[in-house]
Amino acid sequence: MLIGRSPDIAPSEITEESVYLRRREFLAALGAGVALSAGVTTPVHALDRTRQDKLTPYDTVTGYNNFYEFGTGKDDPARNAHTLRPRPWSVVVEGEVEKPGPYDVDDLLRGMTVEERVYRHRCVEAWSMVVPWNGVPLRSVVDRLRPTSKAKYIEFITLQDTEQMPGQRRAILRWPYTEGLRMDEARHPLTLLVTGVYGKTLPNQNGAPIRLVIPWKYGFKGGKSIVRIRFRETQPMNSWRRSAPNEYGFYANVNPDVDHPRWSQATERRVGTFFKRKTLPFNGYADQVASMYAGMDLKANY
Ligand code: MTE
């Protein structure tokens, strides 16, 4: 991103996390598909490859954020995002799709099973976390909306409202923040439309009420507080690429062999820990996603 590195938040052992871990052990013991109150189902998911990794504490996941609409400091979003009103929330669906329209966010996701996915979360700034997200596979929503045969990409447009997002008064990026995925990436089973974290409603600073998480890509692909989903024939522009095309590409697959022009991507530091670790190709999800990029030069298509 544009700013320098901020100091990591000190590791904090918090009760919330240990209670949560006990709950996960309990669920694991019961096996897949346990219905919780609030209609949330938490299967112990086959796609989940990070069970052995220590979870990043809740306070860090929700206190160390990138959300420039609320400031550029890592602790600004947690402090400032209380002005965001995540309900009622409308999502406009448009473009190459059979079921366009404005949807209330709860109607858009109605009847879908909210899953828990523990994902590695790798930021282009060379830090990472391990986060238990709650959400629905984006593919369930895409299939419900029925893209036409012309739809090759999806553009995600996030909220623009200087009342709710005072940081948009500064031209740090061209607002609103936008992102995009190729249709096969959007329909990949790992791609999640996130509504919660640690089994709780998504806090504003993490992108309430819905944001994207694509675990094999750098975190900036995960647009927060989405208000418009546009099905397109052509590749959309995305905010960071528009602002610094030599630094950020469309694909943004985690690639330890392609340095960011201003720093290496070969290693990363888990927020709250001291030692660096090697960054894995596709953030460790290569066996599940690499085939989507067969034949592509991933140094040119960064
Ligand atoms: N979405 C919006 N609308 N605005 C942003 O500034 N930052 C991105 C992404 N989504 C951003 C955004 C970046 S750079 C990262 S690394 C992730 O959100 C951070 O997500 P997290 O704060 O939940 O860890």
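The values are calculated or read from the model by the stated rules, or taken from the named source; none is laboratory data. Note that this is a predicted model, so its numbers are computed, not measured. A quick note on method: Cβ atoms are made from the backbone with ideal geometry, for glycine too, and the neighbour counts reach across all protein chains shown. Areas reflect the complete protein model, heavy atoms only, side chains present, ligands, DNA and RNA absent. Shrake-Rupley method; radii C 1.70, N 1.55, O 1.52, S 1.80 Å.
Given R₀ = 35 Å, FRET efficiency for V92-M296 by Cβ-Cβ distance, to 0.05? Mind dumping the intermediate values first?
Working: r = 31 Å, r/R0 = 0.90.
Approximately 0.65, to the nearest 0.05.
Between S243 and K99, what is the label-to-label distance in nm when each label sits 7 Å out along the Cα-to-Cβ direction?
Taking the two extended label points, one gets 3.4 nm.
Keeping the other protein chains in place, figure out the carbon and sulfur percent of the accessible area of region 45-168, with a 1.4 Å probe. Don't skip to the end; give the middle numbers.
On the way: 2350 of 4840 Å².
Percent of accessible area from carbon and sulfur atoms in region 45-168: 49.
Treat region 51-293 as a sphere of radius equal to its Kirkwood radius over Cα pairs and apply Stokes-Einstein at 37 °C in a medium of 0.692 mPa s; give the translational diffusion coefficient in µm²/s, rounded to a whole number. Kindly include the intermediate steps, with their values, before the conclusion.
Values: Rh = 18.1 Å.
Taking Rh from Cα pairs, D becomes 181 µm²/s.
More than 21 angstrom separation, counting every C-alpha pair in region 172-262; what % is that?
Every Cα pair in region 172-262 considered, those over 21 Å come to 34 percent.
Please give, to one decimal in nm, the separation of the simple spin-label points placed at T234 and R269, each 7 Å out from Cα toward the Cβ.
4.3 nm
At a Förster distance of 45 Å, what's the computed FRET efficiency of D75 paired with T113, Cβ-Cβ distance as r, to 0.05?
0.85
Quick one: accessible surface of W263, probe radius 1.4 Å, all protein chains present, in square angstrom to the nearest 10.
It works out to around 60 Å².
Stretch T83-T201 to full length: gain in nm at 0.36 nm per residue minus the Cα-Cα span? Write down the numbers at each step before the final one.
Values: separation 118, 0.36 × 118 = 42.48 nm, distance 1.64 nm.
Extending this stretch completely gives an extra 40.8 nm.
In debye to the nearest 20, how big a dipole does region 51-293 give about its Cα centre with +1 on each Lys and Arg Cβ and -1 on each Asp and Glu Cβ? Provide the component values of the computation, followed by the final result.
Values: 37 positive and 27 negative charges, 61 e Å.
About 300 debye.
Please work out, to two decimal places, the log10 of the ratio I(q)/I(0) at q = 0.14, 0.19, 0.22, 0.24 Å⁻¹ from a Debye calculation in which every Cα of region 83-197 carries one identical scatterer.
The Debye formula, applied to the Cα set alone, gives -0.73, -1.30, -1.45, -1.46.
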